Amino acid sequence: MGQDVRSPSGHPGPGSRCIALVGPFQSGKTTLLEAILARTGAIPRVGSVEGGTSVGDAGAEARLHKMGVGLNAATVTFMGDTYTFLDCPGSIEFAQDMRAVLPIVDAAVVVCEADERKLPQLQVILRELEDLRIPRFLFLNKIDKATKRIREALAALQPASRVPLVLRQIPIWNGDLIAGFVDLALERGFVYREHAASEVVALDGGNLDREKEARFTMLEYLADHDDALMEQLLDDIPPPRDAVFDDLARELREGQICPVLLGSAARANGVGRLLKALRHEAPGIGETAERLAAKGDGAALAYVVKTTHLQHGGKLSLARMLRGRLDDGAMVQSSSGGASRVSGILAANGASDSKRPSAEAGDVVALGKLDAIRTGDTLTTAKTTPTPLAQVTVAPPVLAIALAANDRKDDVKLGQALQRLTEEDPSLVVQHNPANHEMVLWGQGEMHLRVAMERLQERYGVNARSHPPGIGYQETIRKSATQRGRHKKQSGGHGQYGDVVLDIKPLPRGEGFRFEETVVGGAVPKNYIGAVEEGVKDALLRGALGFPVIDVQVTLTDGSYHSVDSSDQAFRTAARIGVADALPQCAPVLLEPIHLVEIVCPSDATAKVNAILSGRRGQILGFDTREGWAGWDCVRASMPEAEIGDLIVELRSATAGAGGFTRTFDHMAEVTGRAADQIVAAHRAAA
């Protein structure tokens, strides 16, 4: 869940802000959080992700893979104000945590480095923020390792943003190294001190000239939305500093600009200036509540951003208070219709020694044992069901594995563990495939599913094996046949007797199954015809090639019965025998499912994507620019289901981790020759 690390001031005040730390994979978000905690005095020393000592990414899976695989939360106090930072995973496979928290944050800090290879991931993240109208800063990280000029880096990153990336600082160079920065709003220079506050230095010579030029560029961006400032620039009148700060804050909050700050999270450079920018310019809970239509003096209102099941502490619901006051023991109603009583209000780490008596507007807290509450619910202490404050879209899953417990006695335990995993992470989906008798777990990628398997074992003690899920192969017939099916068995007492004559013929593709009867003279009594149909259906579940048979018509034309020994079961068995004997004579043919696939990718990766599709028996149907996304394409193709299995792995590799796809079933197509023989042989071997 994260950790609540507080300065000695204790309880968050009414102006508590909630800030999301987002950015591409391995951009340094958790390292920045660590630097913020150290700078604010919340922790005595800086930990590291590599060393496994950071406050964030403290879970076993995050430590193992040295990457964020879940949400981290930490609360600090800076200059008398309280901030809760929500550190979101950078990998697109774990983006659901980011999507869940964005609706209720006051602002976001987008952590990015000057690496054009991460531009597609940056664009995806910025698009989420833009669509939700979340004020955002861009923290240009790792400038101590920058290989290009800051303006060049900014120009390379600008295509990812639909609003101007406005440089708030320029670097002070010492040879080829960045030694500090100039704050263009304050018009002051600062020299970095590692893991300490920067030192103010005088501006002179070349630094002063560069500052004046860069500041004028920043003011020009601000003047696009301020006529008074535009007139001052045209008349060469220096604008008042307070007015510049007001414009920066207003245009940030209205989503007209994205200010850019410089720093190095690993060295804690630029952290203090980032915190001050958040303090002076980021909106607070009042504006966020107004954006969500949650403002007012009514009953307490909160929004659940994350659900976690602890091994020994039960269920926790991480929520942000948007209005009013919530006391421990209060009864809350949820937008999904459930009602629960709060059993414990905890700091974000959920530790027993961090229990609190209440939470107020702006606070981020974990609420204990709300069994009827789920992620995305809006909660209220009012007696009526609240209107949902936000609707978070869950990305469709793109990769699947079939699961089975190693020990059959753990089947129930596996099902319960999967239910908890999917409650914690709605982007995991469990499906039961009756055709293949499989339990299938769907996720957002290879690492996403790997972490889910690790949690099954480590957290819930379930040892499970996995394998690729079965493909929905079916079969049909090309020829017609007439076949008698007879079931006769004599034993002590009543025997069994059923006798049918069946005509079997193919139907056009997509027609499914049809059963008719043309019996005359009562050769098969009416009361047994239903049993005959059931027997036919039984036989079609497994055809001559071993797969379900479709697009077939079976007609009962004749038969015979015994007044004593005939029964429903006898005629059902006779029909099953007749169809099973007939199908090998009907020229059976294998069918495979074909899906329509729609891939979104950066335009410079489209050629690679086309090659991937062609190499997987895909038929490219066309492509176009992705609507509303500059520099992206949408490729449409039809592909066999068997080729889609691990498509996302290759696709992500070709698109800098940002590409995705959706698919829908379209039709069944014949498979012939050697390919069909291999599929049938493999199926029989597995059976």
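Just checking, does region 476-498 include any residue being under 41 Å from the mean Cα position of the chain (by Cα) and either more than 30 Å from L421 (Cβ to Cβ) or of a type outside the set (S, T, Y) (or both)? Yes, region 476-498 contains a residue that is under 41 Å from the mean Cα position of the chain (by Cα) and either more than 30 Å from L421 (Cβ to Cβ) or of a type outside the set (S, T, Y) (or both). Counting the residues of region 195-252 that are in a helix (DSSP H, G or I) and either of a type in the set (V, I, T) or without any contact (Cβ under 8 Å) to a residue 60 or more places away in the chain (or both) gives 36. Filtered by the rule that a residue be more than 14 Å from N527 (Cβ to Cβ), touching a helix residue (DSSP H, G or I) at 6+ places or on another chain (Cβ under 8 Å) and assigned to a strand (DSSP E or B), region 545-568 gives V549, V552, V554. Within region 142-162, restricting attention to residues that are outside any helix (DSSP H, G or I) and within 25 Å of the chain's Cα centre (by Cα), which residue is surrounded by the fewest Cβ atoms within 10 Å (Cβ to Cβ)? My answer is R162. Every condition in (1) at pLDDT below 95; (2) of a type in the set (A, V, I, L, M, F, W, C); (3) assigned to a helix (DSSP H, G or I); (4) open to solvent by 20 Å² or more (accessible area, probe 1.4 Å) holds for V680 except the one numbered (4).
Which ones in region 604-627 are open to solvent by 50 Å² or more (accessible area, probe 1.4 Å) and not in a strand (DSSP E or B)?
Once the filter is applied, which keeps residues that are open to solvent by 50 Å² or more (accessible area, probe 1.4 Å) and not in a strand (DSSP E or B), region 604-627 yields D604, A607, K608, A611, S614, G615, R617, R626, E627.
Restricting T555, T476 to those that are over 29 Å from A682 (Cβ atoms) and open to solvent by less than 40 Å² (accessible area, probe 1.4 Å) reduces the list to T555.
Somewhere in region 484-503, is a residue surrounded by 19 or more Cβ atoms within 10 Å (Cβ to Cβ) and touching a Pro at 6+ places or on another chain (Cβ under 7 Å)? Spell out how you get there, then give the answer.
Initially, region 484-503 is screened for residues surrounded by 19 or more Cβ atoms within 10 Å (Cβ to Cβ), giving 485, 487, 497-502.
Next, from what is left, pick out any that are touching a Pro at 6+ places or on another chain (Cβ under 7 Å): none.
For region 484-503, residues surrounded by 19 or more Cβ atoms within 10 Å (Cβ to Cβ) and touching a Pro at 6+ places or on another chain (Cβ under 7 Å): absent.
Look through region 189-227, keep the residues that are of a type in the set (S, T, Y) and out of contact with any Asp or Glu (no Cβ under 9 Å at 6 or more places or on another chain), and return whichever of them is least open to solvent (accessible area, probe 1.4 Å).
Of region 189-227, the ones of a type in the set (S, T, Y) are 192, 198, 217, 221.
This time we only want the ones that are out of contact with any Asp or Glu (no Cβ under 9 Å at 6 or more places or on another chain), so: 198, 217.
Values: S198: 38, T217: 58 Å².
Filtering region 189-227 for residues that are of a type in the set (S, T, Y) and out of contact with any Asp or Glu (no Cβ under 9 Å at 6 or more places or on another chain), the one least open to solvent (accessible area, probe 1.4 Å) comes out as S198.
So which residues in region 34-56 are surrounded by 18 or more Cβ atoms within 10 Å (Cβ to Cβ) and either of a type in the set (S, T, Y) or at pLDDT below 80 (or both)? Across region 34-56, the qualifying residues are T40, S54.
Each residue in region 549-587 was checked for being in contact (Cβ under 8 Å) with a residue 60 or more places away in the chain, more than 15 Å from I504 (Cα to Cα) and of a type outside the set (G, A, S), and 8 pass.
Kindly list, by first and then second residue, each pair from a residue in region 100-117 that is under 17 Å from F139 (Cβ atoms) to a residue that is among the hydroxyl-bearing types (S, T, Y) and buried (at least 24 other Cβ atoms within 10 Å of the Cβ), limited to pairs with Cβ atoms under 6 Å and residues at least 6 apart or on different chains. Pairs that qualify, where the first residue is under 17 Å from F139 (Cβ atoms) and the partner is among the hydroxyl-bearing types (S, T, Y) and buried (at least 24 other Cβ atoms within 10 Å of the Cβ), are D106/T288; V111/S27; C112/S27; E113/S27.
State yes or no: is S336 assigned to a loop (DSSP other than H, G, I, E, B) and either over 29 Å from S27 (Cβ atoms) or among the polar types (S, T, N, Q) (or both)? Before the answer, list the steps.
Numbers: assigned to a loop (DSSP other than H, G, I, E, B): yes; either over 29 Å from S27 (Cβ atoms) or among the polar types (S, T, N, Q) (or both): yes.
Answer is yes for this residue.
Here L184 does not fit the description of being of a type in the set (A, V, I, L, M, F, W, C) and open to solvent by 50 Å² or more (accessible area, probe 1.4 Å). Applying the criterion of being in contact with a Ser or Thr (Cβ under 9 Å, 6 or more places away or on another chain) and part of a strand (DSSP E or B) to the residues of region 310-322, the residue that is most open to solvent (accessible area, probe 1.4 Å) is G314. Can you find a residue that is within 29 Å of I594 (Cα to Cα), basic (K, R) and at pLDDT 95 or above anywhere in region 494-514? Yes - at least one qualifying residue is present in region 494-514. Any residue at all in region 513-536 that is surrounded by 21 or more Cβ atoms within 10 Å (Cβ to Cβ) and not aliphatic (A, V, I, L, M)? Looking for residues that are surrounded by 21 or more Cβ atoms within 10 Å (Cβ to Cβ) and not aliphatic (A, V, I, L, M), one finds at least one in region 513-536, hence yes. Of all residues in region 632-647, those that are farther than 13 Å from V398 by Cβ and touching a residue at least 40 places away in the same chain (Cβ under 8 Å) have Cβ atoms under 6 Å from Cβ atoms of residues that are among the aliphatic types (A, V, I, L, M) and in a helix (DSSP H, G or I), 6 or more apart or on another chain, in A637/L613.
Among the residues of region 288-296, are any outside any helix (DSSP H, G or I), under 29 Å from H195 (Cα atoms), modelled with pLDDT under 95 and in contact with a helix residue (DSSP H, G or I) (Cβ under 6 Å, 6 or more places away or on another chain)? Spell out the reasoning first.
Of region 288-296, the ones outside any helix (DSSP H, G or I) are 292-296.
Next, only the ones that are under 29 Å from H195 (Cα atoms) stay: none.
Within region 288-296, none of the residues are outside any helix (DSSP H, G or I), under 29 Å from H195 (Cα atoms), modelled with pLDDT under 95 and in contact with a helix residue (DSSP H, G or I) (Cβ under 6 Å, 6 or more places away or on another chain).
In region 302-335, how many residues are closer than 16 Å to D106 by Cα and of a type in the set (A, V, I, L, M)? Spell out the reasoning first.
Initially, region 302-335 is screened for residues closer than 16 Å to D106 by Cα, giving 302-305, 319-323.
Remaining after also requiring of a type in the set (A, V, I, L, M): 302, 304-305, 319, 321-322.
Residues flagged as closer than 16 Å to D106 by Cα and of a type in the set (A, V, I, L, M) within region 302-335 amount to 6.
The set of residues in region 455-490 that are of a type in the set (S, T, Y) and either touching a helix residue (DSSP H, G or I) at 6+ places or on another chain (Cβ under 7 Å) or part of a loop (DSSP other than H, G, I, E, B) (or both) comprises Y460, S466, Y473, S480. Would you check if N269 is touching a residue at least 40 places away in the same chain (Cβ under 8 Å) and polar (S, T, N, Q)? So N269 fits the description; yes.
Residue-wise test of (1) surrounded by fewer than 18 Cβ atoms within 10 Å (Cβ to Cβ); (2) touching a strand residue (DSSP E or B) at 6+ places or on another chain (Cβ under 6 Å); (3) not hydrophobic (A, V, I, L, M, F, W, C).
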| position | (1), (2), (3) |
| --- | --- |
| Q419 | yes, no, yes |
| D425 | no, no, yes |
| V429 | yes, yes, no |
| P434 | yes, no, yes |
| W442 | no, yes, no |
| E454 | yes, no, yes |
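The values are calculated or read from the model by the stated rules, or taken from the named source; none is laboratory data. Not measured: the values here are computed from a predicted model. Note: ideal-geometry Cβ built from the backbone for every residue, glycine included; neighbour counts use all protein chains shown. These area figures cover heavy atoms from the full protein model, side chains too; ligands, DNA and RNA do not enter into them. Shrake-Rupley method; radii C 1.70, N 1.55, O 1.52, S 1.80 Å.
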